[in-house]
1. Among what's in the stretch 72-110 and is charged (D, E, K, R) and in a strand (DSSP E or B), pick the residue that is surrounded by the fewest Cβ atoms within 10 Å (Cβ to Cβ).
2. Tell me yes or no: at least one residue of the stretch 213-226 is at pLDDT 95 or above, over 27 Å from Gly61 (Cα atoms) and in contact with a Phe, Trp or Tyr (Cβ under 7 Å, 6 or more places away or on another chain).
3. Which count do you get for residues in the stretch 143-159 that are farther than 13 Å from Val82 by Cβ, touching a residue at least 40 places away in the same chain (Cβ under 8 Å) and surrounded by fewer than 18 Cβ atoms within 10 Å (Cβ to Cβ)?
4. Where in the stretch 1-71 are there strands (runs of 3 or more DSSP E), lying fully within it, with 3 or more residues that are over 18 Å from the mean Cα position of the chain (by Cα)?
5. Run down Val178, Val139 and say which single residue is modelled with pLDDT under 95, under 30 Å from Cys206 (Cβ atoms) and not assigned by TED's automatic domain parsing to the domain that holds Ala85.
6. Quick one: count up the residues across the stretch 200-217 that are free of Cβ contacts under 8 Å to residues at least 60 places away in the same chain and either surrounded by 16 or more Cβ atoms within 10 Å (Cβ to Cβ) or not acidic (Asp, Glu) (or both).
7. Determine, yes or no, whether Thr132 is on the phi < 0 side of the Ramachandran plot, of a type in the set (Ser, Thr, Tyr), buried (at least 19 other Cβ atoms within 10 Å of the Cβ) and modelled with pLDDT of 95 or more.
8. So Tyr169 ticks every box in (1) modelled with pLDDT under 90; (2) closer than 19 Å to Val70 by Cα; (3) surrounded by 13 or more Cβ atoms within 10 Å (Cβ to Cβ) but one. Which box is left unticked?
Amino acid sequence: MRVRGYAPATPCWTVLTSADTASSADFYSGLFDWTTAPADDGTTTFLRHGLAVAGLAAAPGRPSAWLTYVSTEDVEATAALVADAGGTVLAPPAEAGTRGRSALFADATGAVFGGWQRGTFAGAQVANESNTICWSEVVTPDVPAAVAFYGKVFGWTERAGSAGTHQEYHEWVATNRVVGGMSPIGELYPPGTPAHWRTIILVDDCAATVARAAELGGRLMAGPVDAGIGVGAFLLDPTGAAFLAFELVPELREAMG
């Protein structure tokens, strides 16, 4: 689905911060048929059929990870709200070339995310179709603290998930729109798992994606597992970044158009 813009307080862009960008580019190009192009802020853009699907940025000496950005009309004001709500400003607002302004935050439970104020670039230009990002969700050990934090910063409210998942799940709602999700860190997670934002990529065939990821040097962490609305597999790319590949049940794929 082509996306032309994002309302405030909406996850709008996802960037892979990688310890080895060449390896990352090869892996995701082979797995999802993405191509790459340079951006004017020094990062790389992953493209699918010529449209921006995600970003790639070098992070030498740091663990590779996917990073969710949430749209804002004023990233300085968002940074102030983050601090007031008990979060941390990890990187203050700064120019990202002509594309916009960005900042890096940690929420009150430690999950890292970014704020994005658009310039010439609003965010992902394609989403919710095969081999694109379809969902972002925070995974946290403290659901009430996360609810309070994101409510103060973005005005989000929380409601019980309605999509049929077998585990406890929550949805984020902004002005009557569901914009993301949240799940608690429970006994299914390894001890010591930190709070984090998870990136979910829609695929046509989860089992085939798992097999292809292994051929390209990735690793299966868990799954595939039946989540009621589809089948998902937790994967690590060759640099250690985790993501979820998800195959929706046919009726939901049809509803997405």
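The values are calculated or read from the model by the stated rules, or taken from the named source; none is laboratory data. Owing to the predicted nature of the structure, the values given are computational and were not obtained by experimental measurement. Cβ coordinates were reconstructed from backbone atoms using ideal geometry, including for glycine residues, and neighbour counts include every protein chain displayed.
1. Let us first name the residues in the stretch 72-110 that are charged (D, E, K, R), namely 73-74, 76, 84, 95, 99, 101, 107.
If we keep only those that are in a strand (DSSP E or B) too, we end up with 95, 101.
Values: Glu95: 11, Arg101: 17.
Checking each candidate, the answer is Glu95.
2. Checked against the condition, which is being at pLDDT 95 or above, over 27 Å from Gly61 (Cα atoms) and in contact with a Phe, Trp or Tyr (Cβ under 7 Å, 6 or more places away or on another chain), the stretch 213-226 yields no hits at all.
3. The qualifying residues number 3.
4. 35-38
5. Criteria check complete, one pass: Val178.
6. 6
7. Details: on the phi < 0 side of the Ramachandran plot: yes; of a type in the set (Ser, Thr, Tyr): yes; buried (at least 19 other Cβ atoms within 10 Å of the Cβ): yes; modelled with pLDDT of 95 or more: yes.
In short, yes.
8. Tallying (1) modelled with pLDDT under 90; (2) closer than 19 Å to Val70 by Cα; (3) surrounded by 13 or more Cβ atoms within 10 Å (Cβ to Cβ), Tyr169 fails exactly one: (2).
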